[in-house]
Amino acid sequence: MRQGLFISVEGPEGAGKSTIIKKMADELEGKGLSVVLTREPGGITIAEEIRRVILDPENTAMDERTEALLYAAARRQHLAEKVIPSLENGSIVLCDRFLDSSLAYQGHARGIGMEEVYSINKFAIGDTMPDITLYFDVEPQIGLERIEKNKGREVNRLDLEAIGFHERVREGYLMLLEKFPERIKKIDAGMTFDEVYEQALNVVELYISEHRPVK
Ligand code: TYD
């Protein structure tokens, strides 16, 4: 039986979500909670291998449906091997990206359609959905400028898309936010790191105080 909490974190490139959730994981662990910090695509060996194929800038020939299927395959393996066992054991799973990324990037921005992309993902995830999703909202131009400044970060195949693609990604996320207001909480990621962190931590702590995990 599922006893933990499943929190997914979403947003465009350069929203700062990865750094924020690393700090959040440390803080929650410091309070004695069991936290599993992980990411998509990846998080375990098989899914990291799929990630390498999807994000390789050399793979310019990749068909958009192949891309969507590979994300779903990586998602399935990561869920089965890591997320579901961690939830069953009462941990808080903090996952950098999940289903909404596929809906926003492949479904909306690539133009496959959110319903179509949802249907292959339903096969992959069954009934496992995040309890809560933090959506880090930032103007695509600002996000891309932040990546530009952060030279240490790997540049992947999707980062190389034109600005119009990233604008559609954001549009997709905003549609999801409207559709699932109970699950998806918007964080204004255009502010300073400390302000963004504060907003995100408040949302998570409130949720935990209302639905305290077992461990
Ligand atoms: P990553 O370097 O982890 O990006 P970020 O630091 O912005 O999270 O690379 C993941 C890339 O894969 C990112 O461009 C978003 C994209 N993506 C999808 O298009 N669909 C998906 O389902 C997932 C999980 C990620």
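Starting with the highest mean, order 64-75, 79-90 by the number of other Cβ atoms within 10 Å, averaged over the residues of each peptide.
With the highest mean Cβ count within 10 Å placed first, the list reads 64-75, 79-90.
Report, in deg cm²/dmol and to the nearest 500, the calculated mean residue ellipticity at 222 nm for the chain, where each DSSP H run with n ≥ 4 adds -39500 (n - 2.57) and the sum is divided by the residue count.
Value at 222 nm, helices only, nearest 500: -15000 deg cm²/dmol.
Proximity of backbone amide H atoms, modeled 1.01 Å from N, is registered between I92 and L5, S34, V35, V36 at under 5 Å, excluding neighbours fewer than 5 places apart on the same chain.
Relative contact order of the chain, taken over Cα pairs closer than 8 Å and 6 or more residues apart, is 33 percent.
How much length is gained if the chain between E198 and D63 is pulled fully straight, taking 0.36 nm per residue apart and subtracting their Cα-Cα distance, in nm to one decimal?
That pair, E198 and D63, stretches by 44.6 nm at full extension.
The HN-Hα couplings worked out from phi for the range 89-101 by the Karplus form 6.51 cos²θ - 1.76 cosθ + 1.60 (θ = phi - 60°) are 8, x, 7, 8, 9, 9, 10, 6, 6, 7, 3, 4, 4 Hz, whole numbers, x standing for Gly and Pro. Each label point was placed 7 Å from the Cα along the Cα-to-Cβ direction; for R157 and E116 their separation is 1.8 nm. Taking θ as phi - 60° and the Karplus parameters 6.51, -1.76 and 1.60, the scalar couplings of the range 129-136 work out to 10, x, 6, 8, 10, 9, 9, 8 Hz in sequence order, x denoting glycine and proline. Taking amide H atoms as placed 1.01 Å from N in the peptide plane, the amide H of I132 lies under 5 Å from those of F6, S8, each 5 or more residues away in sequence or on another chain. Here the range 1-140 is assigned +1 on the Cβ of each Lys and Arg and -1 on the Cβ of each Asp and Glu. Its dipole about the Cα centre then comes out at about 340 debye. For the range 56-64, putting each phi into the Karplus relation 6.51 cos²θ - 1.76 cosθ + 1.60 with θ = phi - 60° gives couplings of 4, x, 6, 7, 5, 7, 5, 5, 5 Hz, in residue order, rounded to whole numbers and with x for Gly and Pro. Rolling a 1.4 Å probe across the protein heavy atoms gives the range 61-176 an accessible surface of 44 Å² per residue. Residues whose amide H falls under 5 Å from that of R39, counting only those 5 or more places apart or on a different chain, are D96, with hydrogens built in the peptide plane. As a fraction of the 1.4 Å probe accessible area of the chain, surface on carbon and sulfur atoms comes out at 53 percent. Please work out, to two decimal places, the log10 of the ratio I(q)/I(0) at q = 0.09 Å⁻¹ from a Debye calculation in which every Cα of the chain carries one identical scatterer. Values, matching the q order: -0.33.
The values are calculated or read from the model by the stated rules, or taken from the named source; none is laboratory data. This one's a predicted model, so the numbers in the text were calculated from it and none came from an experiment. So basically every Cβ, Gly included, is an ideal-geometry build from the backbone, and we count neighbours across all protein chains shown. For the accessible areas, the whole protein counts, side chains as well, though only heavy atoms, and no ligand, DNA or RNA atoms are used. Shrake-Rupley method; radii C 1.70, N 1.55, O 1.52, S 1.80 Å.
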